[in-house]
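> Attaching a single structure in structure tokens format; questions to follow.
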Amino acid sequence: MPNITVDLPQNSYAIAIAPDSLKDLGDQMKQLNIGNKVLVISNPEIFGHYGKTCLESLSAAGFETCTHLIPAGEEYKNLQSIQQVYDTAFANRLERSSTFVALGGGVIGDMTGFCAATWLRGVNFVQVPTSLLAIVDASVGGKTGVNHPQGKNLIGAFYQPKLVAIDPTLLKTLPPREFRAGIAEVIKYGVIWDEDLFTKLEHCDRLDSLEHISDELLEIMITRSCQAKAEVVGKDEKEAGLRAILNYGHTIGHAVESLTHYKQFVHGEAVAIGMVAAGKISVEMGLWTKEEAQRQDALIAKAGLPTEIPSELAIDDILETIKSDKKVKAGKVRFILPLAIGKVTITARATSEIISKALSL
């Protein structure tokens with residue numbers, strides 16, 4: 001698999017994609033010319049699978065390592081968990097030349113990046129994503145953060161990693177539900193950026209588990225998604241404009257997560273629901289055809305992902321929640337809405353009336 005460069009005015013970095021490469025992590029990091037102290041942050045389950053290989057690789061390359069484990073789950077993505085990481089960093093005397101390594105999925109990556117951005121006003125940061133969602137989306141681009149009780153990722157910073165080290169073989173231990181959640185983000189890239197990727201996914205008989213995905217398609221999914229993310233971030237690092245399209249499906253999706261207290265859906269499932277909702281809004285506004293919306297929804301369903309907003313959630317509550325979305329500008333919610341497979345627009349013209357009608361369909 002090829003390496004991909006995230007080309008930025010400052011702090012460009014590589015996305016290194018190679019099977020069985022976790023054992024080479026220490027050598028990869030040695031080339032970054034960083035200090036020898038490393039804090040590996042993970043969750044107990046992921047660390048149980050891959051912690052030994054990770055630490056042995058780092059130690060063999062001459063790094064001095066320490067670890068901090070955060071319980072798995074979105075409910076731990078908060079400032080209390082961040083404080084505990086800071087305590088570990090202080091106890092182990094991590095310095096500005098030190099590195100925080102995120103060994104885990106999107107939650108671990110987001111939290112580790114935020115800790116790295118804020119400890120000593122910024123230390124080195126390396127992403128080692130272990131879930132499909134983190135591999136194709138969350139590990140690339142430098143968005144870091146934690147949740148506020150009133151909304152997802154409201155506290156955070158843009159902080160780019162020094163390296164994203166992707167080992168696709170780590171997906172073998174990923175639970176099927178988490179694999180499907182990652183497929184949601186792959187479908188997102190097809191809708192917003194890459195019509196050819198979308199079509200390739202349509203031609204696959206099943207998308208609901210790794211065992212039904214050929215090695216060739218998996219490589220295409222990872223490289224094309226990472227390339228799309230790298231291209232968008234390279235054009236708009238801090239979401240001044242274009243980068244907002246990466247939030248397709250996330251406006252309603254985040255509201256669903258928040259209103260269900262992050263316990264009913266994993267992130268990719270909520271994004272899937274949000275993409276279907278955004279498609280309905282776009283059709284309602286006359287921006288997208290019903291036929292293409294049906295193609296999107298069929299692909300989401302083929303991946304075994306949810307497509308409906310839970311009936312117990314009131315539309316008025318969703319409308320109120322999205323008012324606190326990060327994409328609100330001048331009091332108006334900006335939606336990312338599809339115009340065609342592979343092309344979207346950013347608009348603030350989706351009124352509450354339009355959203356309510358679309359979500360009622």
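Just so it is clear, none of the values below were taken in a lab; they were calculated from the coordinates. All figures in this text were calculated on a predicted structure; none of them were measured in a lab. Counting neighbours? That spans all protein chains shown, and the Cβs are built from the backbone with ideal geometry, glycine included.
> Being touching a Ser or Thr at 6+ places or on another chain (Cβ under 8 Å) and part of a strand (DSSP E or B) is the filter here, so list the residues in region 151-172 that pass it.
Correct list: 151, 152, 154, 156, 157, 158, 164, 165, 166.
> What pairs come up if the first residue lies in region 14-25 and is closer than 15 Å to residue 218 by Cβ, the second is part of a strand (DSSP E or B), and their beta carbons are under 6 Å apart, counting only those six or more places apart or on different chains?
17/166
> Name the residue that is farthest from residue 350 (Cα to Cα), counting only residues in region 253-307 that are β-branched (Val, Ile, Thr) and surrounded by fewer than 17 Cβ atoms within 10 Å (Cβ to Cβ).
260
> Turning to a different aspect of this structure: What residue, of 216, 195, 202, 231, is charged (D, E, K, R) and in contact with a helix residue (DSSP H, G or I) (Cβ under 9 Å, 6 or more places away or on another chain)?
202
> Across region 160-191, which residue is surrounded by the most Cβ atoms within 10 Å (Cβ to Cβ) among those that are without any contact (Cβ under 8 Å) to a residue 60 or more places away in the chain and closer than 16 Å to residue 229 by Cβ?
That would be 186.
> Now, a different point. Among the listed residues 301, 240, 270, which satisfies the condition of being closer than 20 Å to residue 336 by Cα, of a type in the set (A, V, I, L, M, F, W, C), free of Cβ contacts under 8 Å to residues at least 24 places away in the same chain and part of a helix (DSSP H, G or I)? Explain how you work it out, then say what you get.
Working: 301 fails: closer than 20 Å to residue 336 by Cα; 240 fails: part of a helix (DSSP H, G or I).
Criteria check complete, one pass: 270.
> Please verify whether residue 37 is of a type in the set (D, E, K, R) and within 30 Å of residue 232 (Cα to Cα), treating the condition exactly as stated.
Considered against the rule, which asks whether it is of a type in the set (D, E, K, R) and within 30 Å of residue 232 (Cα to Cα), residue 37 comes out as no.
> Against the condition closer than 26 Å to residue 266 by Cβ and in contact with a Leu (Cβ under 6 Å, 6 or more places away or on another chain), how does residue 40 come out, does it pass?
yes
> Among the residues of region 308-324, which ones are part of a loop (DSSP other than H, G, I, E, B) and either among the charged types (D, E, K, R) or buried (at least 16 other Cβ atoms within 10 Å of the Cβ) (or both)?
Here is the first cut: in region 308-324, the ones part of a loop (DSSP other than H, G, I, E, B) are 308-314, 323-324.
Matches in region 308-324: 308, 309, 312, 313, 323, 324.
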